[in-house]
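Remarks on the structure that follows.
The values are calculated or read from the model by the stated rules, or taken from the named source; none is laboratory data. All values derive from a computational prediction rather than experimental measurement. We place every Cβ from the backbone using ideal geometry, glycine too, and count neighbours over all the protein chains shown. Each accessible area value is taken on the protein alone, full model and side chains, heavy atoms only, with ligands, DNA and RNA left out. Shrake-Rupley method; radii C 1.70, N 1.55, O 1.52, S 1.80 Å.
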Amino acid sequence: MAEINSIVNMLLNQNEQEMEFMPIVPLGEDEMDEQEKAALPKELPVIALRNTVLFPNVVLPITVAREKSVKAIAEANKNNKWIGVVAQKDSSNDDPGPEDIYRVGTLAKVVKQIKMPDGNVTLFIMGRMRFRIDDFSQTDPFYMAQVTYLDDVYPKKDPSFEALISSIKDYGEKIVQQSQNIPSEASIVLKNIENQSFLMHFVASNVTSKLQEKQAMLEEDNITVRAEKLLGLLQGELQLLELKNEITNKTRADIDKQQREYFLQQQMKSIREELGGDPNDREIRDLQKRAEDMKWPDTARDLFKKNIEKLERMHSSTPDYSVVYNHLDLLLDLPWQTYTQDSYDLKNAQKVLDGDHYGMEKIKDRILEYLAVLKLKGDLKSPILCFVGPPGIGKTSLGRSIASAIQRKYVRLSLGGLHDESELRGHRKTYIGAMPGRIIQSLRKVKSSNPVFILDEIDKLGKDFRGDPSSALLEILDPEQNNTFYDNYLEVEYDLSKVLFIATANSLGDIQPALRDRLEIIQLSGYSAEEKVEIAKRHLIPKQKELHGLSKVSLKFSDKVILKIIQEYTRESGVRELDRLFAGMMRSIARQVAMEEDVSATVTTDRVEQALGKPKFTNDVYSKGHPAGVVVGLAWTSVGGDILFIETSLSKGKGGLTLTGNLGNVMKESATTALSYLKAHAIDYGIDPAAFGEYDVHIHVPEGAVPKDGPSAGITMLTSLASAYTGRKVKPYFAMTGEITLRGQILPVGGIKEKILAAKRAGIKNIVMSVQNEKDVEEISAQYIKGLKFHYVTYAHEVLETALKGSGKQ
């Protein structure tokens, strides 16, 4: 007991700062023997501690203020000063109930009690043995509890346990070395502790961790498991301390580096003054010399003078110096009033356009018209063109050909996925890392104010909280506004009216209406098989031969072979996949040449299958006899025309209608309209009206993973329903497209050329459509629709008479 009193006196004599470092003190007494354990009371007064867990053999100073705790201490003083100490679960609870405190705690001895001037009581308690509360025999005026004492389970002689204890001691010493809040003397205490359980309890009491983690350690009977939990807590705390120290040292090093750099800057300044010159002065003189020959508007000249004066007053080490310098450099690099001379040779322009691209007559005519007016008038605001069509047909590459034809510089800006309007308008130069928009950057790069500027994929612009780039394009693409385009970084208006903007898109539906209104839309259709044959012979085959080192090898692709590749290996509107197939052919031939094998100059169909494998597509599916209820329809997609089947089946039921195949609302309404028309005219088509109430109808459009919508499948669904109810099959090689009304009228639909080309690719020979679409067919060159027969209809009964086998209308 004398040792206990000396420790307490030491704590009392320490000042407040020292007490903060070591609130928990080791005692290091031996474990209690069996006789001492037998003499322990079975019923104890209990107090609850906030944010603290008391471990055996550890002295802990606490301040008691709650009335229940004060009375419990008084009771303990009457009975050998034994008291039960438990942790409460919620530290903010001022009056915890039995359910608010943990059931496992530590038996403690009140070593010393001091009354403070404010009425509170400060105690020094020493933990002795763990216990578990079995039941509360009293809850008022203080807690009394029936307890069972818990023994620690020690392992038999185990080298791994010894290593575990050694690791705990090592980690504890490392934490003492790393922490600035633990005195170095604590490491001496750790080294002198020999009792294993006491070492664990001392370290656990002083480690910084959550109350729940410490409580879990106290509740663990197995001393090995308790040691493993403690080691895990020590590892986490050591990592945190090392990270804190690393951040502190880095911050200190940064401050030292700044001071060193400042000192060196001052030395350099003195050396430059001695040498009689400053590089910054030379930079400013160079800028002024470049500005002498510039042809720019007055607003740009005034802005340059203002900023050059500001730069002269700045020191080069200030952050704003580089901002102002870069802005002046941009002003000097831009092609103010610098234009390339257009070529007005219309015949040569026609030759260049025809040489680079086959077909596309509408676009070529529009460009030649623009050049003709420019030649006659001498000045003209550039049109804002927009090429709309499926992918792979050459919209983007056509822009480069146009630039070459009229001898202008060429710029391409991909808008796909662009979601920040600052990418177009630029950032205000007050921001770190600010730079001009992509429009101004591109003009700076090509050194011309009248290039051909391709805005690629304008329909794929993004939009989010950072802005709406499509709205920023409203100014750029308006001929009445873009002569005063304002870039946030440039801070002065720039004339874009001479730039020939050409936008490309796959679908007009994704372009906002205000922007679409500013564009001159030129619709482009997919290529027919005949056009693809010509494109392959003129462009694709020569290009792939050169790319694969076969320029000197004689190879002949007949029209028949090219047509086989087109029809049996591709299903596309453009020629990208066709280009890849020819690349595959060339690789196969290049391998033969490299291995010095005999290469036939004529490429045969067998050679095609050898290089590309068996055909991927066949038209047999459209020629085979399908059961009643199956009809081929024509569809338009953003990647061109396509073929789809519509299937109808009847089953016994009550007349319900089921639609599957990922159909949109418009397509569902088309099915309902077709069924309603058929019900109203059932007798005309030899259908028993009672059948509509006796059978359920299921309409399915295959490829359910692909969304489908639009009114153009109306007559296809009508034909499918009529075929199912009458049992009359659809004639082979027949396809159709058109909208149907409740009165049975057939209305025109769009995308006719794409649908016709898709039908021809698929081997369809007869197409049924509205008579009002006849004008769209007449616009297509006759050579591209050779072999197709068109059936123009006005009413629904004409569709059924034309498409279904057997007798017609009853």
| helices (runs of 4 or more DSSP H) wholly in segment 751-810 with at least 1 residues that are under 21 Å from G389 (Cβ atoms) and touching a residue at least 40 places away in the same chain (Cβ under 8 Å) - which ones? | 752-761
| query | Somewhere in segment 317-334, is a residue at pLDDT below 85, over 40 Å from the mean Cα position of the chain (by Cα) and open to solvent by less than 90 Å² (accessible area, probe 1.4 Å)? | reply | no
| Selection status of I454, among the aliphatic types (A, V, I, L, M), open to solvent by less than 20 Å² (accessible area, probe 1.4 Å) and part of a helix (DSSP H, G or I) | no
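With respect to I521, determine if the residue is touching a residue at least 60 places away in the same chain (Cβ under 8 Å), open to solvent by 40 Å² or more (accessible area, probe 1.4 Å) and under 30 Å from S781 (Cα atoms).
Here the answer is yes, as I521 does meet what is asked.
Among T660, T604, which is under 30 Å from H548 (Cβ atoms), among the β-branched types (V, I, T) and open to solvent by 30 Å² or more (accessible area, probe 1.4 Å)?
Checking each option against the conditions leaves just T604.
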| query | Yes or no: G710 modelled with pLDDT under 90 and either on the phi > 0 side of the Ramachandran plot or surrounded by fewer than 20 Cβ atoms within 10 Å (Cβ to Cβ) (or both)? | reply | yes
| field | segment 418-448 - residue that is out of contact with any strand residue (DSSP E or B) (no Cβ under 8 Å at 6 or more places or on another chain) and open to solvent by less than 50 Å² (accessible area, probe 1.4 Å) and, of those, farthest from P469 (Cα to Cα) | value | S448
| said: Would you confirm, using the coordinates I've provided, whether V666 is among the hydrophobic types (A, V, I, L, M, F, W, C) and closer than 18 Å to K729 by Cα? | reply: no
| query | open to solvent by 50 Å² or more (accessible area, probe 1.4 Å) and either closer than 23 Å to T570 by Cβ or not polar (S, T, N, Q) (or both), is that true of L718? | reply | no
| request: Considering only segment 290-305, state which residues are more than 43 Å from the chain's Cα centre (by Cα) and either of a type in the set (S, T, N, Q) or closer than 20 Å to S322 by Cβ (or both). | output: R290, A291, K305
| task | Among residues belonging to segment 47-79 that are among the basic types (K, R) and in a helix (DSSP H, G or I), point out the one that is surrounded by the fewest Cβ atoms within 10 Å (Cβ to Cβ). | result | K78
| field | Yes/no for G625 being part of a loop (DSSP other than H, G, I, E, B), open to solvent by 60 Å² or more (accessible area, probe 1.4 Å), within 21 Å of S723 (Cα to Cα) and modelled with pLDDT under 90 | value | yes
| message | Six or more apart or on different chains, Cβ atoms under 9 Å: show the pairs whose first residue is in segment 164-193 and under 23 Å from E246 (Cα atoms) and crowded, with 16+ Cβ neighbours inside 10 Å and whose second is of a type in the set (V, I, T) and modelled with pLDDT under 75. | response | I175/I182; V176/I182
| request: Answer with yes or no whether K755 is within 45 Å of the chain's Cα centre (by Cα), more than 23 Å from A722 (Cα to Cα) and not polar (S, T, N, Q). | output: yes
| said: Need pairs with beta-carbon distance below 7 Å; first residue more than 15 Å from G389 (Cβ to Cβ) and within segment 356-369, second among the polar types (S, T, N, Q) and crowded, with 19+ Cβ neighbours inside 10 Å; sequence gap 6+ or separate chains. | reply: D356/S401
| (1) surrounded by 13 or more Cβ atoms within 10 Å (Cβ to Cβ); (2) within 59 Å of the chain's Cα centre (by Cα); (3) without any contact (Cβ under 8 Å) to a residue 24 or more places away in the chain: which one isn't true of R132, the others all being true? | (3)
| Output for segment 721-746, where each listed residue is among the polar types (S, T, N, Q) and open to solvent by less than 40 Å² (accessible area, probe 1.4 Å) | S723, T737, T741
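In the list K364, K381, which residue meets the criterion of being among the charged types (D, E, K, R), assigned to a loop (DSSP other than H, G, I, E, B) and closer than 30 Å to L524 by Cα? Lay out the reasoning, then the answer.
Values: K364 fails: assigned to a loop (DSSP other than H, G, I, E, B).
Among K364, K381, only K381 is among the charged types (D, E, K, R), assigned to a loop (DSSP other than H, G, I, E, B) and closer than 30 Å to L524 by Cα.
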| Those residues of segment 160-181 which are aliphatic (A, V, I, L, M) and over 15 Å from F198 (Cα atoms), in sequence order | A163, I175, V176
| field | Filtered residues of segment 669-695 (kept if touching a strand residue (DSSP E or B) at 6+ places or on another chain (Cβ under 8 Å) and not in a helix (DSSP H, G or I)) | value | Y695
| Given the conditions (1) at pLDDT below 90; (2) open to solvent by 60 Å² or more (accessible area, probe 1.4 Å); (3) within 48 Å of the chain's Cα centre (by Cα), and given that K775 satisfies all but one, which numbered condition is not satisfied? | (1)
| remark: Q544: passes all of (1) polar (S, T, N, Q); (2) surrounded by 15 or more Cβ atoms within 10 Å (Cβ to Cβ); (3) modelled with pLDDT under 90 but (3)
| query | Taking D281, is it outside any loop (DSSP other than H, G, I, E, B), among the acidic types (D, E) and more than 18 Å from E491 (Cβ to Cβ)? | reply | yes
